[in-house]
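Heads up, the thing below is written out as structure tokens.
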Amino acid sequence: LFLAVCAVGIGGTFQYGYNVSIINAPTQHIHKFLNETWSSRYRKDLNPDLLTFLWSVIASVFSLGGLCGALVGGSMAIRLGRKGALLMNNVIAILASILMGISFPTGLFELLIAGRFLIGINSGIGLCVQPLYIGEIAPKHLRGGLAMGTSIFLTGGILTGQIIGLRQEIELLGGEKHWPLLLSSSCIPAFAQLLFLPWFPESPRYLLIDRSDELSCAKALKRFHGSSEYRREMEDIQRERFALDGEKPKKPWQLFTDPGVRWQLITVIVMTMGQQLSGINAIYFYATYVFEQAGIVAEKIPYVTLGTGVCECLTALSCGLLIDHVGRRYLIIGGYLLMTLWCTVLTFSLTYQELYSWVPYLSMTCVFAFILSFGLGPGGITNTLTAELFVQSSRPAAYMIAGTVSWISFFTVGMLFPFIVNGLKQYCFVVFLLECFFVAAFIFLIIPETKNKSFLEIKKEFHKLNFGRNA
């Protein structure tokens, strides 16, 4: 099970995290490439405003690709299987790497845009299918810990990209002409998954419920759970199969009209939006300013910023160890309430930053504390709960909806965030603290604990909430 999580993670959410952060390293070289390409092609200098626009397109087209990937990921998981969809997804990553790699030699920045779009599609599919696969292969007493592999590999990808950009490894690769190698390095995780994932079975739930292949399901369960323990999982899958009574996988729009999943769907949408709009992006935006005010030398700030990535990675690991003992509700509610607290303290500390010499250090503490709280709660548990709140026929569609909401929120934050910060300054955290408190209250009032419960048991928990007196 552990090795299977690693095999799906390296080509799944690792790609998302890596490609979010790796684009920062060669920024200056890409600007220079755009200027030189434009000058040689049109015999005139590139307008600064147009340069900013082209760079924005290169950076943000990744989100558009991610949205497209989220929209097709669930369908791929149904048609090709969870494992088949992940393997096919690597073809997109390799093609994206080729396009980004040859953009500089060919002098075509359009290939860079196309490559970023394709690697966005790859990330969108990976974010949809990877937690789907992990959630279905895990026994219920380990489901939370294994599902945290999604967040661990995501934060690991971000950290890897930060480390590579830390000392401008472009120079180590042979100078500024070799920066495309950084962007095309996303093919390495893709090849790694193509090498290792075929050794692992398809999702047993997919094999039995969707394909009615009992023999392959039994073989897969024996591989994952051992010859002596697999029967219990087999019985659980059989019960879910009988309860579904041949129900076919649903389309996303069918979930919106199904009263039996009304509150599960609302919960996933609220949690997904809450994760993206929690203020984590504002924290990273303000991090450099806070570190400067604390007296940290400019040359050392990238190393301190790297510490934020290490924090998030460590808390994802910690959450993975705690989730099946403490439970989902305590961790996610506690995470949001702590984030509310740190937003409050940070608003005051940024307001009175220059009043006392110790206040900047309080701000710096708040930055790390907020990131720790995010990683311990919403950063990791949101994807886990998405897998647990739905049965087999609804789960792929639920991930498509969650992925779509996540990418739209991600894109919206990227577009509106600069205006929010410019308009409200440090008081932007008041908006985020209200949002964090609202999500914590919603989860407290609505979501039951899902620890050590089967998918059918969780469905029954929501039945009364969905149908009220008619339950």
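Given the alpha-carbon gyration tensor of segment 278-377, what are the semi-axes of its equivalent ellipsoid in whole angstrom, ordered largest first, with each equal to the square root of 5 times an eigenvalue? Walk me through the numbers before you get to the answer.
On the way: eigenvalues 138, 50, 16 Å².
For segment 278-377, the semi-axes come out at 26, 16, 9 Å.
Ranked from highest to lowest mean number of other Cβ atoms within 10 Å per residue, what is the order of the peptides 127-135, 70-78, 269-277, 209-217?
Working: 127-135: 28.3, 70-78: 22.4, 269-277: 20.9, 209-217: 16.8.
Result, highest mean first: 127-135, 70-78, 269-277, 209-217.
Tilt of helix 230-244 relative to the longest C-alpha principal axis of the chain, in degrees (0 to 90, nearest 10)?
Roughly 90 degrees between the two axes.
Leaving out ligands, DNA and RNA, and with a 1.4 Å probe, what % of the accessible surface on the chain is carbon or sulfur?
Numbers: 13600 of 20400 Å².
On the chain, the fraction of accessible area on carbon and sulfur atoms equals 67 percent.
For the pair Arg231 and Arg262, what calculated FRET efficiency results from E = 1/(1 + (r/R0)^6), where r is the Cβ-Cβ distance and R0 = 30 Å, to the nearest 0.05? Display every interim value, and only then the final one.
Values: r = 35 Å, r/R0 = 1.16.
Result of the calculation: an efficiency of 0.30.
Quick check: the distance between the Cα centres of segment 62-105 and segment 188-215, to the nearest angstrom?
Computed from Cα coordinates, the inter-centre distance equals 17 Å.
At a Förster radius of 25 Å, what calculated FRET efficiency corresponds to the Cβ-Cβ distance of Glu214 and Val326, to the nearest 0.05?
On the way: r = 36 Å, r/R0 = 1.45.
Using R0 = 25 Å, I get an efficiency of 0.10.
Given R₀ = 41 Å, FRET efficiency for Tyr42-Leu195 by Cβ-Cβ distance, to 0.05?
Details: r = 44 Å, r/R0 = 1.07.
Taking R0 as 41 Å, the efficiency between Tyr42 and Leu195 is 0.40.
State the number of lysine pairs found in segment 254-470 whose Cα atoms come within less than 30 Å, restricting to pairs 8 or more positions apart or on distinct chains.
Working: Lys300/Lys425; Lys451/Lys459; Lys451/Lys460; Lys451/Lys464; Lys453/Lys464.
The result is 5.
For the Cα atoms of the chain, what angle does the longest principal axis make with the long axis of helix 455-467, in degrees from 0 to 90, nearest 10?
Approximately 90 degrees, to the nearest 10.
Å³ per residue of the Cα convex hull, for segment 297-337? Kindly include the intermediate steps, with their values, before the conclusion.
Values: hull volume 2.7 nm³, N = 41.
For segment 297-337, the hull spanned by Cα atoms encloses 65 Å³ per residue.
Express the accessible area of segment 254-470 per residue in Å², computed with a 1.4 Å probe while the remaining protein chains stay in the model.
Numbers: 9450 Å² over 217 residues.
Averaged over the residues of segment 254-470, the accessible area is 44 Å².
About the Cα centre of segment 282-388, what is the dipole size in debye to 20, counting +1 per Lys and Arg Cβ and -1 per Asp and Glu Cβ, all else neutral?
Dipole about the Cα centre, nearest 20: 180 debye.
Multiply the residue gap between Lys425 and Ser56 by 0.36 nm, knock off their C-alpha separation, and tell me the result in nm, one decimal place.
Full extension from Lys425 to Ser56 adds 130.6 nm.
Which of Tyr303, His31, Trp407 sits closest to the plus end of the dipole of the chain, meaning its Cα is farthest towards the positive end, when Lys and Arg get +1 and Asp and Glu get -1 on the C-beta?
Comparing the listed Cα positions along the dipole, Trp407 ranks first.
In terms of Cα to Cα distance under 22 Å, which lysines are near enough to Lys32, apart from those fewer than 8 places away along the same chain?
The qualifying lysines are Lys44, Lys177.
Take the alpha-carbon centre of segment 108-164, take the same for segment 240-262, and report the distance between them in whole Å.
Spelled out, the Cα-based centre of one part sits 26 Å from the other.
Ordered by packing density, taken as the mean number of other Cβ atoms within 10 Å over each peptide's residues, highest first, how do 313-322, 455-464, 115-124 rank?
Values: 313-322: 19.5, 455-464: 16.9, 115-124: 27.9.
Ranking the peptides 313-322, 455-464, 115-124 by packing returns 115-124, 313-322, 455-464.
Does segment 1-200 come out rounded, prolate or oblate, given a ≥ b ≥ c as the square roots of the eigenvalues of its C-alpha gyration tensor, rounded meaning a/c under 1.5 and, failing that, prolate meaning a/b above b/c? Can you show the working numbers first?
Values: a/c = 2.47, a/b = 2.02, b/c = 1.22.
Because a/c hits 1.5 or more and a/b exceeds b/c, segment 1-200 counts as prolate.
Based solely on its DSSP helices, what 222 nm [θ] is calculated for the chain when runs of n ≥ 4 H residues each add -39,500 (n - 2.57) and the sum is averaged over all residues, nearest 500 deg cm²/dmol?
Working: 22 runs with 361 residues, N = 471.
Taken over the chain, the calculation gives -25500 deg cm²/dmol.
Between segment 376-430 and segment 298-325, how far is it from one alpha carbon centroid to the other, in angstrom?
20
The values are calculated or read from the model by the stated rules, or taken from the named source; none is laboratory data. Everything numeric here is computed off the predicted structure, so don't read it as measured data. A quick note on method: Cβ atoms are made from the backbone with ideal geometry, for glycine too, and the neighbour counts reach across all protein chains shown. These accessible areas exclude ligands, DNA and RNA; they are computed on the full protein's heavy atoms, side chains included. Shrake-Rupley method; radii C 1.70, N 1.55, O 1.52, S 1.80 Å.
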